[in-house]
There are 2 protein chains.
Amino acid sequence: MSDDAPKFDGLQCPLPLRDYPTVQLAHGGGGWLSKMLVDDLFLPAFQNPALAQLHDGAVLETPLGRLAFTTDSYVVKPLFFPGGDIGSLAVHGTVNDLAMCGARPFALSTGFVLEEGFDMEALWKVASSMRDAAQEAGVSIVTGDTKVVDRGKGDGLYINTSGIGLVPEGVDVRPERVQPGDKVLLSGEIAVHGIAVMALREGFALESEVLSDSAALHELVGGLLDRLGARVHVLRDPTRGGVASALNEIAQAAGVGMLLQESAIPVREDVRGACEILGFDPLYVANEGKCVAIVEADAADEALSILRAHPLGKDAVQLGEVVEDTHHQVHMETIIGGRRVVDMMSGEQLPRIC
Amino acid sequence: MSDDAPKFDGLQCPLPLRDYPTVQLAHGGGGWLSKMLVDDLFLPAFQNPALAQLHDGAVLETPLGRLAFTTDSYVVKPLFFPGGDIGSLAVHGTVNDLAMCGARPFALSTGFVLEEGFDMEALWKVASSMRDAAQEAGVSIVTGDTKVVDRGKGDGLYINTSGIGLVPEGVDVRPERVQPGDKVLLSGEIAVHGIAVMALREGFALESEVLSDSAALHELVGGLLDRLGARVHVLRDPTRGGVASALNEIAQAAGVGMLLQESAIPVREDVRGACEILGFDPLYVANEGKCVAIVEADAADEALSILRAHPLGKDAVQLGEVVEDTHHQVHMETIIGGRRVVDMMSGEQLPRIC
């Protein structure tokens, strides 16, 4: 942590309680308020180097080797949505967090918080879906826990999955490695998961059905790391807060700027239309089957062809590049030739999207 | 799994939905209904050898060595109780699950599910308490996640902690190692945590304040394993469902019976009094700082003196012994000279105790 990080004296809450005396939905949205909660409250409380990296998971030097460890709770609403459900999402999301640490996923845990009265058959469907997703991804669910809370104190079912994985020799992905000149790659079309869930939740009929892109990315990413090793500088799956928030987090952690080309951003026509009607900017909408890869400049072409050779990366593009910027901002050259700042999400756009 | 385990064909929920079409509070209580949910729904869904051991965590053979991995969600109500809070409990509980796998705890993750409107200062107190508990136990909280759910869809705060640890050479604790002749040891007075929480929740004034026994047991248990190695056959912390349910689970997994001496069960007078008034049998009340150790017969005396030399084990006793029993039951010789079956808890005695 930097020297101007809030001091945690154990006596006083370091957050400005005047501004936010209680938890807001946006504290979980992946934008500024989420970042404030983590930076000002959790980081000072739990301070340690692994957590301070603010990666999708922690990479730990153990007596046995490098181990990645990650956790995520899933509170998506509704539980079942086009292209997946909370069970498959809970497997894919945590597998992806491990993959973004450069790790080969090894095992998952699952913790259920069930609401009294939840339909048992729905629970079975979710468990069944977790099983299928885990089998397909080649990981085992090895340990679990179930708690039940009284009626009205939950929303059917919340799932936490945590995961462990092994980081191969030669892999070193973390924001600090990103430097000016690096290229910013994206594995495919954005905003699909968020629109699939929001369209259902809002009862909004799309012309064509949009299925969530929820998928396990470890093979896609594994292929990249096998071939390019340490030339891959950072990986991130842009979930809550979307591509914009993910890139801002990396820029700040790495102390760099980024310059994106709006014309390069892949958005399906139907998804773009839905975003317009619902009032969302696709850059801030959650993805569950896409990744950002920032690689050495002269590895970018090879990285793109590796990504495109995999079904989950067939629409991969170069979004832009890393530049020097003392303000650590993300800028975008717009289609009409202007230039604008792509900030972190400021409020809560899509509550309970994952 | 045995051959008569329910088949999971992916088409039909294997639970008898006629009897339990929805989730009951008791499905999370640690008794029979919890066991049914795990045995009939989760195990068939997620089938794999590590999960099927039904230990407090999984011990995984990795290319790097033996790794313990465990998860627990904490939904205790109220969040703050005499002797601890949900934060310290979430650290102690998961450290203890690792310790009961014979592992040295290495790192924890934490996942928060916050309810919109939750008091920010209370969140800080909980995080602060987690930090203190983790520091005291010598483990780091290395990765985390926060989700926020809308008002009325949570109960302030739920926490998941997962943990990883390394299992030293020569340690081999698992129910299958338990055999007739082994001695059943218990590290101290039972039912304290459950009574501390329930007395507060029920607004029941005890003569003396009962503080939760919530504590990290890895050093107590580590001392035992350092000295006795593989002569320690199984370890278990009797949380939800209490000592009775923990011993029944072990007896069934090991295919043995047990014979306990009622006169040996350590229960404080004030706790016993509170149990009587509240209508609880202390054998079924949750503990958060006690462990059961089942050891080779001729290691029992040494084990007891090792336990008693540690502050958290000073009241350690031998509860009874493992016997042959084709019904895999736990029996107790009562103080008045009778003998009765100590069954698993059948309903929900203490909802949301941990």
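The values are calculated or read from the model by the stated rules, or taken from the named source; none is laboratory data. Because the structure is predicted, anything quoted here is derived from the model rather than measured. Heads up, the Cβs are rebuilt from the backbone with ideal geometry, glycines too, and the neighbour counts pull from every protein chain shown. Calculation scope for accessible area: heavy atoms of the full protein, side chains included, ligands and nucleic acids excluded. Shrake-Rupley method; radii C 1.70, N 1.55, O 1.52, S 1.80 Å.
Some values worked out for this structure:
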{"item": "Among the candidates B:PRO78, B:PRO44, residue that is in a loop (DSSP other than H, G, I, E, B), more than 7 Å from chain A (Cβ to nearest Cβ) and either open to solvent by 20 Å² or more (accessible area, probe 1.4 Å) or at pLDDT below 95 (or both)", "result": "B:PRO78"}
{"item": "Which numbered condition B:TYR74 fails, given (1) in contact with an Asp or Glu (Cβ under 8 Å, 6 or more places away or on another chain); (2) under 20 Å from B:HIS193 (Cα atoms)", "result": "(1)"}
{"item": "Subset tally (residues that are under 18 Å from B:PRO238 (Cα atoms), in a loop (DSSP other than H, G, I, E, B) and hydrophobic (A, V, I, L, M, F, W, C)) for the range B:318-349", "result": "3"}
{"item": "Options A:GLY170, A:GLY117: the member that is free of Cβ contacts under 8 Å to residues at least 40 places away in the same chain and either in contact with a Lys or Arg (Cβ under 8 Å, 6 or more places away or on another chain) or more than 14 Å from chain B (Cβ to nearest Cβ) (or both)", "result": "A:GLY117"}
{"item": "Scope the range A:153-188; condition of a type in the set (D, E, K, R) and open to solvent by less than 10 Å² (accessible area, probe 1.4 Å); matching residues", "result": "A:ASP182"}
{"item": "Any chance B:GLN12 is of a type outside the set (D, E, K, R), modelled with pLDDT of 65 or more and surrounded by fewer than 16 Cβ atoms within 10 Å (Cβ to Cβ)", "result": "yes"}
{"item": "Candidate set from the range A:91-105 (those that are over 12 Å from the mean Cα position of the chain (by Cα) and either away from chain B (no Cβ under 11 Å) or open to solvent by less than 20 Å² (accessible area, probe 1.4 Å) (or both)); member that is nearest to A:CYS291 (Cα to Cα)", "result": "A:GLY102"}
{"item": "Residues of the range A:274-317 that turn out to be of a type in the set (Asp, Glu) and either open to solvent by less than 10 Å² (accessible area, probe 1.4 Å) or part of a helix (DSSP H, G or I) (or both), as a count", "result": "5"}
{"item": "Condition broken by B:GLY111, with the remaining ones in (1) open to solvent by less than 10 Å² (accessible area, probe 1.4 Å); (2) in a helix (DSSP H, G or I); (3) at the interface with chain A (Cβ under 7 Å from one of its Cβ atoms) satisfied", "result": "(2)"}
{"item": "Candidate set from the range A:47-75 (those that are of a type in the set (Asp, Glu) and facing another protein chain (nearest Cβ under 10 Å)); member that is nearest to the chain's Cα centre (by Cα)", "result": "A:ASP56"}
{"item": "Among the candidates A:ASP119, A:ASP150, A:ASP145, A:ASP132, residue that is among the acidic types (Asp, Glu) and either crowded, with 20+ Cβ neighbours inside 10 Å or assigned by TED's automatic domain parsing to the domain that holds A:LEU200 (or both)", "result": "A:ASP145"}
{"item": "Matching residues in the range B:198-249 - criterion: being β-branched (Val, Ile, Thr) and modelled with pLDDT of 95 or more", "result": "B:VAL221, B:VAL232, B:VAL234, B:THR239, B:VAL243"}
